[in-house]
Amino acid sequence: MAAEPGSIDSGRIMSRGFEALGRNFPAFLAITVALAGLPAFAVHYWVLGQALPGGDPELAPYWWLAATLASWVLAALLQGILVRETALYLAGRPAQRGASIVAGLKLFLPILAISILVAIGAVAGAALMIVPGVILYIMMIAAIPALVEERRGVFGSMARSYRLTRGCYLPIFVLLVIYAIFAAAVSTVFGLLFGVRNFGWDDSDPLMSALASALGSTMIAMVGAAMVASLYIELRTVKEGATPDDLASIFA
C-alpha cells in the first residue's frame with residue numbers, strides 16, 4: 001500500500017534496505033564480520049570461558065564490561081561505513097568502499113559521541129518512564145546518517161534528526177518493533193542451530209555459543225545499518241521532496 005502524502009512507508013523502507021543489502025552483500029558481510037562478528041565471537045568466547053569451570057568467574061564481569069565498550073566503539077564505526085554505502089546505493093551512485101571506510105574513520109569520534117549521547121538520554125528517559133526513552137531514541141535515529149551524509153557536526157546532526165523524524169514517531173516505532181522481533185528471531189535461530197541454551201551461559205561448549213553470537217551479531221548489525229540508511233533516505237524524500245539527483249549531490 002502506498003504511503004499517504006507526507007507520511008513514510010514502512011514497507012518501502014524495508015524493501016529498499018534489503019535491496020541495498022542484497023546488491024552489496026559480499027562487501028557488507030566482510031565489513032560487518034570484521035567489525036561486529038569477530039569482536040562478538042572473541043567477547044563471548046572469552047567471557048563465557050571465564051564463567052565456566054576452569055575459568056576465573058571473578059574476572060568475567062570486568063572482561064564483559066571492557067569487551068562491551070570495545071564492541072560499542074566498533075559498532076559506531078561500522079554504522080558510519082554501512083550507512084554511507086547504503087545511502088550511496090539508494091541515491092543511485094556507485095559503491096565507494098574505500099571512501100566509505102575513510103569517511104567512517106574520519107567521523108568516528110563524532111559518530112561515537114552521538115551514540116553515547118543518545119544512549120545516555122534514552123537510558124535516562126527509560127529510568128523515569130519507558131516512553132520518554134523510546135521517543136528520544138526515535139527522534140535521534142537519523143542523527144548518524146545526517147552526520148555521515150550532511151556533515152552537520154554532533155549537535156547539528158541531532159537537531160537535523162529531530163526535524164526529520166518529527167511527526168513520524170509511530171511508523172518509526174513500528175519499524176523498531178519489527179527490527180527487535182527480527183533480532184530476537186535471528187539470535188534464537190542461530191542459538192538452536194548451534195545447540196546453545198540460555199544464551200550460552202549453561203552451555204558446555206563456549207566455541208559453539210561464541211559462533212552463534214558472532215553470526216547473529218553480524219546479521220543483526222548489517223540489517224540494522226541498512227535500515228537506518230533507508231529510513232534516512234525515506235525521510236528526506238517524503239518530508240523534503242528530495243530527488244535521486246538531490247541525494248546523489250551530497251556525495252559529489
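Any read-out appearing in this document is the output of simple, stated calculations on the displayed coordinates, not a laboratory observation. All of these numbers come straight from a predicted model, not from anything done at the bench. Ideal geometry is used to build each Cβ from the backbone, glycine not excepted, and the neighbour counts take in all protein chains shown.
Descriptive notes on the structure:
- Gain in span if fully extended, V73 to L170, counting 0.36 nm per residue against the direct Cα distance: 32.0 nm
- Spin-label model distance (nm) - L193 vs L29, 7 Å beyond Cα toward Cβ: 1.1 nm
- Compared with the alpha-carbon gap, the fully stretched path from L117 to V134 is longer by 4.7 nm at 0.36 nm per residue.
- Working from label points 7 Å from Cα in the Cα-to-Cβ sense, the R97 to L38 distance is 1.5 nm.
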